Amino acid sequence: MIQAINDNNRELVIKWFKEKWGSPEMIISSGRYDCSTLPGLIYIENDVIIGLLTYVIKEKTIEIISLDSLIENKGIGTKLIMFLEQLAYKNCMLKIELITTNDNLRALKFYQKFGFRMIKIIPNAVNEAREIKPQILVIAESGIPINDEIVLEKYL
């Protein structure tokens, strides 16, 4: 079941970020965010969060800040994105944007399947974020150095 992040489930969200990321802090070129305080959507089964999406609204654009799923290839991320698109459309948003890193090939494939287009590469953006948050990995599990950000967008 998908529901909006609210006061009743906020503690679960905070716990999620501490367990999965070690911290709710996200530093990307569009800003510095505490994901545990952002609006978002959670996918819950048996009182356990198995998927979570956070975002910010900037004028007529929704920027996805985080999207995570505990179980890959089960449609959880797909359902969260589709729900967000419906929400955006109902609220007269013009587009959805997001930023991912150059190593995140799964995310690039996932978002492009939904019609997102790569519009910009920000060289060294992750290296700059690492100066503020040194725990950001230098090399991904895939062996790809994590240096740059890729901006994707989809017009609704």
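The values are calculated or read from the model by the stated rules, or taken from the named source; none is laboratory data. What you see is a predicted model; the values in this text were computed from it and never measured. Backbone-built Cβ (ideal geometry, glycine too); neighbour counts: all protein chains shown. We work out accessible area using only protein heavy atoms, side chains counted, and drop any ligands, DNA or RNA first. Shrake-Rupley method; radii C 1.70, N 1.55, O 1.52, S 1.80 Å.
The relative contact order of the chain, computed from alpha carbon pairs under 8 Å that lie at least 6 residues apart in sequence, is 19 percent.
Report which label in [x] 29.2, 104; [y] 14.1, 40; [z] 15.1, 42 holds the value of Rg and Dmax of the Cα atoms in Å derived from the coordinates of this structure. Computing Rg and Dmax of the Cα atoms in Å and matching it to [x] 29.2, 104; [y] 14.1, 40; [z] 15.1, 42 gives [z]. First obtain the Kirkwood hydrodynamic radius of segment 23-93 from its Cα pairs, then insert it into the Stokes-Einstein equation at 4 °C and 1.567 mPa s, and state the resulting D in µm² per second as a whole number. Translational diffusion coefficient: 101 µm²/s. For a straight C-alpha distance cut-off of 19 angstrom, the lysines reachable from residue 58 (same-chain residues fewer than eight places away being disregarded) are 90, 95, 120, 154.
How much of the DSSP bridge set in the chain is antiparallel, in percent, rounded to the nearest 5? Display every interim value, and only then the final one.
Working: 34 of 38 bridges.
Of those bridges, close to 90 percent are antiparallel.
Ranking of 58, 133, 109, 90 by solvent-accessible surface, largest first: 90, 109, 58, 133 (1.4 Å probe, protein heavy atoms only, all chains present). Assuming R0 = 35 Å, what is the FRET efficiency of residue 124 and residue 15, from their Cβ-Cβ distance, to the nearest 0.05? So the FRET efficiency works out to roughly 0.60. For segment 1-56, the direction-averaged projected area of the alpha-carbon convex hull comes to 3.7 nm².
By accessible area, using a 1.4 Å probe on protein heavy atoms only, the chain has 53% of its surface on carbon and sulfur. Packing here is the average count of other Cβ atoms within 10 Å per residue, and on that basis the peptides 19-26, 33-40, highest first, run 33-40, 19-26. Residues of segment 63-95 with backbone nitrogen within less than 14 Å of a virtual label 7 Å along the Cα-to-Cβ line of residue 117, please, listed as ranges. Residues 95 fall inside that zone. Here the spin labels are modelled as points 7 Å beyond Cα on the Cα-Cβ line, and at residue 2 and residue 155 they lie 2.3 nm apart.
What order do you get for 7-13, 47-53 when each peptide is scored by the mean count of other beta carbon atoms within 10 Å, highest first? Present the calculation step by step, with values, prior to reporting the outcome.
Values: 7-13: 12.6, 47-53: 18.3.
Final packing ranking: 47-53, 7-13.
Counting heavy atoms of the protein chains alone, residue 137 has an accessible area of about 110 Å² for a 1.4 Å probe. Per residue, the accessible area of the chain comes to 57 Å², computed with a 1.4 Å probe over protein heavy atoms only.
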